[in-house]
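Visitor: Below are the structure tokens for one structure; questions will follow.
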Amino acid sequence: MSERFRTIVVEDEPYILAYLARRIESLDERFEVIAKARHGAEALELATQMRPDVVFSDVYMPRMDGIALSKALRELPNPPVVAIVSGFRDFDYAREAMRNGVQNYLLKPISDDELRGVLGEIGARLALSHATSDSEIIRRAVLVSLSAEEVPPRFARSKFYPFLLNLGALATSISGIEHDQALSRQLNALSAAQIAACCGLDEHKVWFYRANSYAQRLIVLESNETVPDAEAIFAHLQKRISAFPVNLCTNATPCGLGELHARQLELNSLLNRRLSPGNSALIRADEPLPPVCTVLGREIINAFCGFLRIGKHGQARVLLSQALEQWQEKCCPQYQIHSELSALIQACASLSNATESENIYLAEYYASAAICAAPRLYDALEQIWNTLDDLLFHHNAHSDYSQKTADDIVNYLNAHYADDITVESIADILGFNVIYLNRIFKKHQQIPILQYLINLRIEKAKHMMLEHPDLPVAIIGRNVGYNDPHYFSRAFKKITGLPPTEWRTEHGI
């Protein structure tokens, strides 16, 4: 079904009003006349209530003429396209109409060819505008719940099917910039056209949004006639993405635009409960949760620690290897694996003097990072074993871990300094507490994370000024992460002692 443009026709002559409304709908089926009005005041009231896409209006009418109406319509939150229809070739009226945003000025009598051409022109303009605005409206609906009044009329009866895609394990901690970039490349290679082709949809009815981590995308489909084929979409994704396990969460029941936010939260919760690292799955909301099957229970953990206590490290390693294989084979959810691995690390810590919370925290962090980065769980064996070995036998291991964490932050900042990032967002990506993360970073870099980021951005700005002397200061600011030029200027002056323009002059630029 093609996109429909909601149209109001305004004309004080009832016969002309009825005729024009009929001709609009018959010449271009995309235009749906939702209301007719006899004067501008009535039309304005209808437009305020019904929020049309297009208004065709006569010029000379009682109470409010077409020019005054076009001016008033411009003040509405989402102003419609206005086309003026006049029986007079009046240049002053045409000029005034153009000043008020009217882009089409038609003279009566209107031929079918002329009206068809204008409808095609307006339709093309609206289709392009909707393609951009629809994406932003849906993005907002994903982020926050929309009330019925906030839902645009063209979406009032729309049915949406969101799918939550996750590559690899749940990214509870950063596992290296290279891993982050590899995942992003795979996700960025996907397209709306590919997904639409799986379901027989128009590609303009498919939208991609970044979800809760760099490894996730929310794919939103609008389909009012058929339920999208989840199996076909999943098969396509598995074919396109071979380097990482693919998990796709779905709910076959459609939702309205105002329900997208709640549905996204539901799918995220489902993914957190069901995703099994190293395994690909189509996760459906209507399927029951599988029973939890403990792998690393107290008996196995005691046996593991017993082997370590008497120096039989080979047997202990075999137990860890078997646990990884069983977690994989039984499709154990990631939260369970992290919980059991944490219990093992804490039991191992009690065997040595490595009982400080920082040692245990960092050991759990790097064991979790190994799970996140491994294509299959068994591939994480070496890193998890080395983490346990460092915890038990190397007194300076926590220093090595914290240095690596500080290095991870530096690498991340160098790769993303131009993005809208905060210390809180970095901590969330790394899976750390904000205060603790700042403490580790300051220990190794001697300054807080935020100050490092500011210094980095200003250094990048200085290099950009030297390399591109003609580039405006505001553009340079945006390129290093400052959307507000005044804030950029203040930050620049605080670091260098001079505003950007004066710094340029002093350096002969």
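Visitor: Per DSSP H run of at least 4 residues, take -39500 (n - 2.57); add these up for the chain, divide by its residues and hand me the 222 nm value, nearest 500 deg cm²/dmol.
Guide: Details: 21 runs with 280 residues, N = 509.
When only DSSP H runs of four or more count, the value is -17500 deg cm²/dmol.
Visitor: Here's a follow-up. What net charge is computed for the residues neighbouring CYS198, neighbours being all others with C-beta under 14 Å from the C-beta of CYS198, Lys and Arg scored +1, Asp and Glu -1? If you can, show how the numbers build up before the last one.
Guide: Numbers: positive: LYS205, LYS239, ARG240; negative: ASP202, GLU203, ASP229, GLU231.
In short, -1.
Visitor: Relative to the longest principal axis of the chain, what angle (0 to 90°, nearest 10) does the C-alpha long axis of helix 357-373 take?
Guide: Compared with the principal axis, the helix lies near 60 degrees.
Visitor: Would you grab the residues whose amide H sits under 5 Å from the one on PHE163? Only those 5+ places off in sequence or on another chain, please, with H modelled 1.01 Å from N.
Guide: Amide H neighbours of PHE163: ILE219, VAL220, LEU221.
Visitor: Counting Lys and Arg as +1 and Asp and Glu as -1, what is the net charge of the other residues whose Cβ lies under 12 Å from the Cβ of SER57? List each step's numbers first, then the result.
Guide: Values: positive: LYS36, ARG38, LYS71; negative: GLU11, ASP12, GLU42, ASP58, ASP65.
Overall, the nearby charge balance is -2.
Visitor: Under the rule of at least 5 residues apart or a separate chain, name every residue whose amide H is placed under 5 Å from the amide H of LEU107.
Guide: Here SER86 satisfy the definition.
Visitor: Run the reach check for LYS71 against lysines, Cα to Cα strictly under 25 Å, same-chain hits fewer than 8 apart removed. What comes back?
Guide: In chain and number order, the partners are LYS36, LYS108.
Visitor: Please report the antiparallel percentage of the DSSP beta bridges confined to the chain, to the nearest 5.
Guide: 45
Visitor: In sequence order, what are the phi-derived ³J(HN,Hα) couplings for the stretch 158-164 according to the Karplus relation 6.51 cos²θ - 1.76 cosθ + 1.60 with θ = phi - 60°, rounded to whole Hz, with x for glycine and proline?
Guide: Along the stretch 158-164, the couplings run 6, 10, 10, 10, x, 10, 9 Hz.
Visitor: Kindly flag which residue pairs out of LYS404/LYS443; LYS159/LYS239; LYS460/LYS493; LYS442/LYS494 have an alpha-carbon separation exceeding 23 Å in this structure.
Guide: LYS159/LYS239, as the Cα separations exceed 23 Å there.
Visitor: Separate question: For the residues ASP229, ASP134, what sequence is obtained by ranking on other C-beta atoms within 10 Å, fewest first?
Guide: If I rank by nearby Cβ atoms, fewest first, I get ASP229, ASP134.
Visitor: Decide, for the stretch 5-129, between rounded, prolate and oblate: order the square roots of the alpha carbon gyration tensor eigenvalues as a ≥ b ≥ c, take rounded if a/c falls under 1.5, and otherwise choose prolate if a/b is larger than b/c, else oblate. Could the numbers behind the result be given before it?
Guide: Working: a/c = 1.19, a/b = 1.07, b/c = 1.11.
Judged from the Cα gyration tensor, the stretch 5-129 comes out rounded (a/c under 1.5).
Visitor: Also, quick follow-up: Quick check on the stretch 412-506: take the gyration tensor over C-alpha atoms, sort the square-rooted eigenvalues as a ≥ b ≥ c, and tell me if it's rounded (a/c under 1.5), prolate or oblate.
Guide: prolate
Visitor: Sticking with this one: First check a/c for the chain, with a ≥ b ≥ c the square roots of the eigenvalues of its C-alpha gyration tensor; if it is under 1.5, answer rounded, and if not, answer prolate when a/b is larger than b/c or oblate otherwise.
Guide: Cα axes put the chain in the oblate bin.
Visitor: Next question, about the same structure. Given the stretch 157-284, what percent of its DSSP beta bridges are antiparallel, to the nearest 5?
Guide: On the way: 18 of 22 bridges.
Of those bridges, close to 80 percent are antiparallel.
Visitor: Next question, about the same structure. Can you work out the Karplus-derived ³J(HN,Hα) for every residue in the stretch 487-496? Use 6.51 cos²θ - 1.76 cosθ + 1.60 with θ = phi - 60°, whole Hz, and x for glycine or proline.
Guide: 5, 4, 4, 5, 5, 4, 5, 5, 7, 9
Visitor: Give the angle, between 0 and 90 degrees and rounded to the nearest 10, that separates the Cα long axis of helix 40-50 from the longest principal axis of the Cα atoms of the chain.
Guide: Rounded to the nearest ten degrees, it is 20.
Visitor: While we're here: Enter the angle in degrees (range 0 to 90, nearest 10) between the Cα long axis of helix 313-329 and the first principal axis of the Cα atoms of the chain, meaning the one along which they spread out most.
Guide: 30
Visitor: Further question: Which of the peptides 410-418, 371-379 is most tightly packed, and how do the rest follow, going by the mean number of other Cβ atoms within 10 Å of each residue?
Guide: 371-379, 410-418
Visitor: Another question, then. Taking θ = phi - 60°, what integer Hz values does the Karplus form 6.51 cos²θ - 1.76 cosθ + 1.60 yield along the stretch 288-304, in sequence order, with x for Gly and Pro?
Guide: Along the stretch 288-304, the couplings run x, 5, x, x, 6, 10, 5, 9, 9, x, 4, 5, 5, 5, 5, 5, 4 Hz.
Visitor: Local charge sum around ALA316 (other residues, Cβ-Cβ under 13 Å, Lys/Arg +1, Asp/Glu -1)?
Guide: Values: positive: ARG309, LYS312, ARG317; negative: ASP389.
Taking every Cβ under 13 Å from that of ALA316, the sum is +2.
Where a number appears in this text, it was derived from the coordinates with a stated rule and is not lab data. Remember, predicted model here, so these are calculated numbers, not experimental data. Heads up, the Cβs are rebuilt from the backbone with ideal geometry, glycines too, and the neighbour counts pull from every protein chain shown.
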